[in-house]
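Working notes, structure below.
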Amino acid sequence: MGRLTDELAKLAGTDFFQFAKRESHPKTRIRFLALGHLQSGKTKNEVAHMFQVSLTALRKWLLRFLSGGIDGLRPKAGKGRKRKLSSEQEEEFRQQVEQLQESLEGGRIRGQDVQVLLKEKFCVDHALPSVYHVLERCGLSWISARSKHPKSNLEAQEDFKKNSKKK
């Protein structure tokens, strides 16, 4: 028995086509289907041609399955740049932004104010456009209402709203 036959024998107990039906990630679904066709007796060349991948890629999928099982075919986490704020820091940041907004009398905080807050309190340097992404990730909307004048009379405004309704 050759090495390829031994590898294909290890595929025997798995129903790759069923896994492919339930898989939501498209690349993983293709990997499942390719291994299912290998399992059903097609050659590596036929499967590689069918899915338009190289033999090297197909071989890597097979080795990933043999070493890690079904989870070995799924995409790995950790690609891309890591966040500068951890989830605990994001919650604290959210509270700090809300406190900053409440502390202002008449006016609103700007992106530059949030940028300074990040730099001073969290030692994180963000460009202004990415400050807005951090705010969005923390669940803070940057669309704000008109600011309230510090000398405005809220009761008079509410009375006006109640009495001026259209009939």
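The values are calculated or read from the model by the stated rules, or taken from the named source; none is laboratory data. This one's a predicted model, so the numbers in the text were calculated from it and none came from an experiment. Don't worry about glycine lacking a Cβ; one is built from the backbone with ideal geometry, like all the others, and counts go over all protein chains shown. Note: areas computed on protein heavy atoms with side chains; ligands, DNA, RNA excluded. Shrake-Rupley method; radii C 1.70, N 1.55, O 1.52, S 1.80 Å.
Quick one: in the stretch 40-102, what % of C-alpha pairs are over 19 Å apart?
Values: 1176 of 1953 pairs.
Taking all Cα-Cα pairs of the stretch 40-102, the fraction more than 19 Å apart is 60 percent.
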C-alpha long axis of helix 128-137 to longest principal axis of the chain, angle in °: 80
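Tell me the per residue accessible area of the chain using a 1.4 Å probe; a whole number in Å² is fine. Each step should come with its number before you reach the end.
Numbers: 12290 Å² over 167 residues.
That works out to 74 Å² per residue.
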Unit charges on C-beta of K, R, D, E only; dipole of the chain, Debye: 720
Cα Rg, Dmax, the chain, angstrom units: 28.7, 91
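Averaging sequence separations of C-alpha pairs under 8 Å and six or more residues apart, then dividing by the length of the chain, give the relative contact order as a whole percent.
Normalised by residue count, the contact order of the chain is 13 percent.
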Distance in nm between pseudo-label sites at Asn153 and Arg59 (7 Å out along the Cβ direction from Cα): 8.5
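Longer than 25 Å from Cα to Cα, which of Lys10/Lys44; Lys82/Lys121; Lys27/Lys84; Lys10/Lys42; Lys21/Lys44; Lys10/Lys79 are they? Say none if no pair is. Numbers along the way, then the final one.
Details: Lys10/Lys44 16 Å; Lys82/Lys121 19 Å; Lys27/Lys84 29 Å; Lys10/Lys42 15 Å; Lys21/Lys44 22 Å; Lys10/Lys79 30 Å.
Those over the limit are Lys27/Lys84; Lys10/Lys79.
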Per-residue ³J(HN,Hα) for the stretch 6-12, Karplus 6.51 cos²θ - 1.76 cosθ + 1.60, θ = phi - 60°, Hz, x for Gly and Pro: 5, 5, 5, 5, 6, 7, 4
Cross-link partners of Lys119 among aspartates and glutamates (Cα-Cα below 17 Å; sequence separation of 8 or more within a chain): Glu88, Glu90, Glu91, Glu92, Glu98
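Once every DSSP H run of n ≥ 4 in the chain is given -39500 (n - 2.57) and the sum is divided by its residues, what mean residue ellipticity at 222 nm do you get, rounded to the nearest 500 deg cm²/dmol?
Value at 222 nm, helices only, nearest 500: -18000 deg cm²/dmol.
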Unit charges at the beta carbon, dipole of the chain: most positive-side option, Gln96, His37, Gly111: His37
Degrees between helix 154-163 axis and first principal axis of the chain (Cα, 0 to 90, nearest 10): 80
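Just the number, please: carbon plus sulfur as a percent of the accessible area of the chain, 1.4 Å probe, no ligands or DNA/RNA counted. Can you show the working numbers first?
Numbers: 6350 of 12290 Å².
Heavy-atom surface of the chain belonging to carbon and sulfur, 1.4 Å probe: 52 percent.
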